[in-house]
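The values are calculated or read from the model by the stated rules, or taken from the named source; none is laboratory data. As the structure is a computational prediction, the values presented were derived from the model and not from experiment. All Cβ positions, even for glycine, are placed from backbone atoms using ideal geometry, and neighbour counts span all protein chains on display.
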Amino acid sequence: MDCARMYARDPIFNISIPNSKLKLGFLILTLHYIISHLRRKLSHSSLSAIQGQRRRRRKKKKKKKNKGEMTTVPGQLIWEIVKKNNSFLVKEFGRGTQSIEFSREPNNLYNLNSFKYSGLANKKTVTIQPAGKDQSVLLATTKTKKQNKPSALLHKSIMKKEFKRMAKAVQNQIADNYYRPDLKKAALARLSAVNKSLRIAKSGAKKRNRQGVKVPGRK
């Protein structure tokens, strides 16, 4: 009704047209003008509504990100804080110049207290350790996107095959995938030491079992 009143006040609509065909054409043009005007209004309102929805969605996404993310601290800063005082630190051969500092965290391949091998200061770490009684070896790497979820922090895989295949798997996971190529040598050395210890433990268990067997009829 408001639109009709608005258009009725316009002097264009008060023009007297004698011919009926001209009246019909003028009426069609008038209706077309009204429809286009209403469309512009509706499109403007719908566009503003869509923009408002987009703003609200962006705000919600930002809130979710702020809840899920932790404040990222540089690894070098963490290292400066923990390198001289942490619960895993072990000092050998006194406190002089000949002393050696070791670190007992599981994701330190050489167990050395250094930034390169530290499992506390680096986001990308590698763990290689015995996985069970069947001479299997655990290979675990840290997920960079799960730093705030300790239960889902590690990507674990169990290796049960011969040493060459395990070494190839370690090389593929660490060096070939560009995860931590600088730890390739340390990871292979750790794998060799773990595999050797498992073989020695297995052979020792066999010897003990043989010594414990009693032959019937002998004293």
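The conditions of being of a type outside the set (Asp, Glu), assigned by TED's automatic domain parsing to the domain that holds residue 79 and in contact with a helix residue (DSSP H, G or I) (Cβ under 7 Å, 6 or more places away or on another chain) are met by residue 117. If you filter the stretch 95-117 down to residues that are of a type in the set (Ser, Thr, Tyr) and touching a strand residue (DSSP E or B) at 6+ places or on another chain (Cβ under 7 Å), you find that the one that is surrounded by the fewest Cβ atoms within 10 Å (Cβ to Cβ) is 99.
Would you mind stating whether residue 187 is crowded, with 19+ Cβ neighbours inside 10 Å, touching a residue at least 24 places away in the same chain (Cβ under 8 Å) and not aromatic (Phe, Trp, Tyr)? For residue 187, the condition - crowded, with 19+ Cβ neighbours inside 10 Å, touching a residue at least 24 places away in the same chain (Cβ under 8 Å) and not aromatic (Phe, Trp, Tyr) - is met. Here 134, 182 are screened, and the one residue that is out of contact with any helix residue (DSSP H, G or I) (no Cβ under 7 Å at 6 or more places or on another chain), outside the structural domain of residue 111 (by TED's automatic domain parsing) and modelled with pLDDT under 90 is 134. Of 144, 125, all but one fail to be under 18 Å from residue 78 (Cβ atoms) and at pLDDT below 90; the exception is 144.
With respect to residue 116, is the statement that it is more than 21 Å from residue 177 (Cα to Cα) and of a type outside the set (S, T, N, Q) true? So residue 116 does not fit the description; no.
For the stretch 131-163, filtering for residues that are in a strand (DSSP E or B) and exposed (fewer than 15 other Cβ atoms within 10 Å of the Cβ) leaves 4.
In the stretch 67-94, the qualifying residues are those that are of a type in the set (D, E, K, R) and closer than 14 Å to residue 113 by Cβ, and the one that is modelled with the lowest pLDDT is 92.
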